[in-house]
Structures are given as C-alpha cells and as structure tokens.
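Worksheet: one structure, shown below.
The values are calculated or read from the model by the stated rules, or taken from the named source; none is laboratory data. Here the structure is a predicted model, which is why all the values come from computation and not from measurement. Note that each Cβ is placed from the backbone with ideal geometry, even for glycine, and that neighbours are counted across all protein chains shown. Heavy atoms of the whole protein, side chains included, go into the accessibility calculation; ligands, DNA and RNA do not. Shrake-Rupley method; radii C 1.70, N 1.55, O 1.52, S 1.80 Å.
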Amino acid sequence: MEKFENYLRNQNLSKNTIRSYLTAVRQYHSRYEQVDRSSLRDYKVFLIENYKPQTINLRIRAMNCYLECLKKDRWKLAAVKVQQKPFLENVISEADYLYFKNCLLRDKEEQWYFVVRFLAATGARVSELIQFKAEHIKIGYFDLYSKGGKLRRIYIPAALQKEALIWIKETGRESGFLFTNRHGARISTRGISGQLKKFSARYGLDPSVIYPHSFRHRFAKSFLERYRDLPMLADLMGHESIETTRIYLRKTSTEQCAIINEVVDW
C-alpha cells in the first residue's frame with residue numbers, strides 16, 4: 001500500500017482521489033488475498049451488486065491504477081455503463097444564484113459571498129477553491145497541474161478580480177490562502193459544504209441545490225448560454241473528455257417543464 005500511495009502521489013492526483021483509490025484497494029484486499037483475474041472479476045461483481053454505477057467506476061479506476069502500479073495492465077477491468085438522465089438535476093438557477101450572493105453581501109458575509117462568487121464565476125471544484133491564494137487574485141488566474149503534468153488554468157474574471165482585490169486589501173489577506181476558518185487555517189471542503197447548507201436554511205433556498213458543485217454546474221450552464229463553445233468549456237472545466245461536458249447542453253428538469261408548459265398547447 002505504501003508503494004501504491006507513492007505511485008499515486010507521483011501522478012499528481014488530488015488528495016481526495018488518492019484517498020478514494022487507497023480505500024478501494026484496501027477494500028479489495030480485505031476480500032481477496034491475491035491479485036489475479038478471477039479475484040478481480042469477483043470484485044467487480046461484488047461492486048455491481050452493492051454500489052451505484054458512479055461508485056463502481058470510481059473503484060474500478062482505482063483498481064486499474066493499482067494494476068498499472070503492479071505492472072499488470074493487461075488485467076484491467078472495464079467500466080460499467082452509466083445511464084445518464086436526459087436532464088440535469090440539482091443545479092441552482094441563475095435567479096437563485098443572484099438572490100443568494102446578494103443576500104450574503106447584504107448581511108456582510110463577505111467571505112461566503114466570495115466563496116459562492118468564485119465557485120460560480122471560475123468553475124472551480126471545491127477542492128480547488130480552497131487552494132486559491134491572494135497571490136492568484138493579483139495575477140488573475142490559478143494554474144493547476146493534473147495527471148501527466150497537464151496544465152489547467154482557472155481564470156478569475158476581471159469583475160470578480162476587481163472586487164476581490166478590494167476585499168483582500170480591506171481584510172489584510174494580501175498573501176496566503178484566501179478562504180480560512182475561525183482559527184485562521186485554510187478552510188476544509190466539508191466546512192464549506194456545511195456552511196452553505198446553513199445559509200440555504202437562512203435564506204429559504206432549496207438545500208438540494210445549495211452545495212459546492214451546484215455552482216460549478218451554474219458556471220458551465222451560464223457559459224454555454226452566453227458563448228456556445230463546448231471544447232473551450234471542456235478545457236476550462238478540466239474534463240478529460242468532451243463527452244463529459246456535453247451534459248451541460250441539456251436543460252434542467254425545471255427548465256424542461258417550463259418549456260413544455262409554454263410550448264405544448266394541443
């Protein structure tokens with residue numbers, strides 16, 4: 001496991017991905033002593049019988065990475081097919097996003113205003129958001145390196161940069177991590193998720209759409225509505241395949257319902 005963990009770190013994977021992959025391999029070894037084709041097939045059956053497709057494929061990716069580490073690539077497992085719904089779910093509407101950020105600004109919840117603004121205006125994942133520093137605000141972007149050393153640049157739009165520069169100057173945050181907890185340490189992803197749920201209750205918003213990834217979805221939807229360039233969006237989102245990005249061409253279930261109510265008069 002130590003060798004595998006070192007292998008993962010050398011792949012420039014995120015801490016969350018490394019943790020997930022190690023969990024999958026530990027689960028495998030808790031059930032099977034050897035790494036062989038028969039046990040791998042049995043493990044896949046076990047996953048299919050007990051987990052949802054997204055979780056199954058995550059653990060299959062983990063095992064395939066483990067097999068790469070062991071130089072047993074020829075035994076890699078095939079992913080299971082995920083049946084995508086014909087609509088997006090649990091995406092905050094543009095109206096609710098505007099209402100939410102305005103409420104935060106009105107109540108002088110400035111740090112949380114910028115948490116929401118950065119998620120929705122940059123498309124960053126919450127694990128990426130907590131890595132933002134004041135230095136990134138000053139230059140207007142944040143460079144990330146993914147597996148294989150591939151560069152992804154997260155741009156900070158000019159209007160947001162201008163607001164954030166004023167904020168960091170007024171609050172004395174002109175260096176170091178941008179989003180911190182009450183102890184002054186970098187905030188955790190769990191801390192952000194928990195606080196957003198509290199705000200959803202305070203402002204009477206549907207809690208199912210007030211979570212970090214919802215604002216990343218909002219970024220993608222709003223971008224395509226204004227600039228219909230799917231390949232560019234895929235690059236901005238850090239998607240390895242443009243097929244992943246195609247889901248944002250779909251309407252939300254609420255949008256579909258509104259269109260049906262307007263169009264269908266027969």
Subset of the range 229-238, residues of a type in the set (Asp, Glu) and either surrounded by 13 or more Cβ atoms within 10 Å (Cβ to Cβ) or in a helix (DSSP H, G or I) (or both), comes to Asp235
Among Leu13, Leu67, the single one that is farther than 30 Å from Phe199 by Cα, in a loop (DSSP other than H, G, I, E, B) and hydrophobic (A, V, I, L, M, F, W, C) is Leu13
Subject >> Selection status of Ile192, open to solvent by 50 Å² or more (accessible area, probe 1.4 Å) and β-branched (Val, Ile, Thr) >> reply: no
Checking Ala164, Ala185, Ala258, Ala159 in turn, the sole residue that is modelled with pLDDT of 95 or more and either open to solvent by 20 Å² or more (accessible area, probe 1.4 Å) or within 16 Å of Tyr97 (Cβ to Cβ) (or both) turns out to be Ala159
Those residues of the range 70-83 which are in a helix (DSSP H, G or I) and free of Cβ contacts under 8 Å to residues at least 12 places away in the same chain amount to Asp73, Arg74
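Matching residues to (1) acidic (Asp, Glu); (2) touching a Lys or Arg at 6+ places or on another chain (Cβ under 8 Å); (3) buried (at least 17 other Cβ atoms within 10 Å of the Cβ):
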{"position": "Asn6", "(1), (2), (3)": "no, no, no"}
{"position": "Asn12", "(1), (2), (3)": "no, yes, no"}
{"position": "Ser30", "(1), (2), (3)": "no, no, no"}
{"position": "Leu40", "(1), (2), (3)": "no, no, yes"}
{"position": "Tyr43", "(1), (2), (3)": "no, yes, yes"}
{"position": "Gln54", "(1), (2), (3)": "no, no, no"}
{"position": "Arg61", "(1), (2), (3)": "no, no, yes"}
{"position": "Cys65", "(1), (2), (3)": "no, no, yes"}
Output for Cβ contacts, cut-off 7 Å, separation at least six or different chains, first residue free of Cβ contacts under 8 Å to residues at least 24 places away in the same chain in the range 103-120, second in a helix (DSSP H, G or I) and open to solvent by 30 Å² or more (accessible area, probe 1.4 Å), reads Tyr113/Lys101; Tyr113/Leu105
(request) Say whether the condition of being open to solvent by 80 Å² or more (accessible area, probe 1.4 Å), at pLDDT 85 or above and within 17 Å of Tyr97 (Cα to Cα) is met by at least one residue in the range 239-250. (result) no
Cβ pairs under 9 Å, 6+ apart or interchain, first in the range 153-175 and within 15 Å of Phe142 (Cα to Cα), second among the aliphatic types (A, V, I, L, M) and part of a strand (DSSP E or B), ordered by first then second residue, are Arg153/Leu144; Ile154/Leu144
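Please go through the range 137-187 and give me each residue that is in a loop (DSSP other than H, G, I, E, B) and out of contact with any helix residue (DSSP H, G or I) (no Cβ under 9 Å at 6 or more places or on another chain), ordered by number.
Residues satisfying the conditions are Ser146, Lys150, Gly172, Arg182, His183, Gly184, Ala185.
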Counting only residues in the range 98-148 that are open to solvent by less than 50 Å² (accessible area, probe 1.4 Å) and of a type in the set (Val, Ile, Thr), the one nearest to the chain's Cα centre (by Cα) is identified as Val126
